[in-house]
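Student: One structure is given below, represented as structure tokens, and several questions about it will come after.
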Amino acid sequence: MDAFDRKILLCLQENAAEPLEAIAARVGLSASPCWRRIQKLEAQGVIQRRVALLDPDRMRVGVTVFVSVRTNRHTADWAERFCAAVVTIPEVVEFYRMSGETDYLLRIVVPDIAAYDRVYKRLIQSVDLYDVSSAFAMERIKYTTALPVTYAE
């Protein structure tokens, strides 16, 4: 990956719908070589997909809840059942297995506390959980889907 590829990735992360000619001009290439590089980055899996980012407030999911889950059951069967249950909940927009005191961390978006309570009830019905702790975000200070490109080789 060279400087042109990194510039292309920055452009696409900013606005994947930007016309090819505009991206090419921004990175200092003509359209055809720029398009070939984009196709190559897609074929390599560097670009996984192109999506539309929606406004959470306009979608009525402006409340963000971070949920820490701890379990006292560390079996493959339990983990498979828990993960299978969580991935079916559309309000869960991020889901991580963690190191440290928290076993799993979820980011959930909902319109209000009552909606979160419905999600919470779905979570606790899925499998036995040792501890569930919820923290409501008061203010979003930084949010981006853009990854740094300086580390890519």
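Student: Among all stretches of the chain without exposed chymotrypsin sites (Phe, Trp or Tyr not before Pro) (DSSP loop, at most 14 other Cβ atoms within 10 Å), which one is longest? Display every interim value, and only then the final one.
Tutor: Details: sites that count: Tyr130, Tyr143, Tyr151.
Answer - 1-129.
Student: Related question: Between the helical axis of 113-126 and the dominant principal axis of the chain, each derived from Cα atoms, what acute angle in degrees is found, rounded to the nearest 10?
Tutor: 80
Student: Rounded to the nearest 500, what is the chain's calculated 222 nm mean residue ellipticity when only DSSP H runs of at least 4 contribute -39500 (n - 2.57) each, over all residues?
Tutor: Taking each H run of at least 4 residues, the total per residue is -11500 deg cm²/dmol.
Student: Skipping prolines and chain starts, which residues have an amide H placed within reach, meaning under 5 Å, of the one on Val63, given they are 5 or more residues away or on another chain?
Tutor: Amide H neighbours of Val63, under 5 Å, 5+ apart: Val110.
Student: Something else: Please go through the range 51-153 and write out the trypsin sites (Lys or Arg not before Pro) that DSSP classes as loop and that have at most 14 other C-beta atoms within 10 Å.
Tutor: Arg58, Arg60, Arg73, Arg140, Lys142
Student: Moving on. What's the percent breakdown of Cα-Cα distances in the chain across 5 Å bins, shortest bin first?
Tutor: Binned Cα distances yield the sequence 2, 8, 15, 16, 12, 11, 12, 11, 8, 4, 2, 0.
Student: Does anyone have the angle between helix 3-14 and the longest principal axis of the chain? Alpha-carbon axes, 0 to 90°, nearest 10?
Tutor: So the inclination is approximately 50 degrees.
Bear in mind that the values in this text are calculations on the coordinates, not laboratory data. The structure displayed is predicted, hence computed values, not measured ones. Cβ sites come from the backbone with ideal geometry, for glycine too, and all protein chains shown count toward neighbours.
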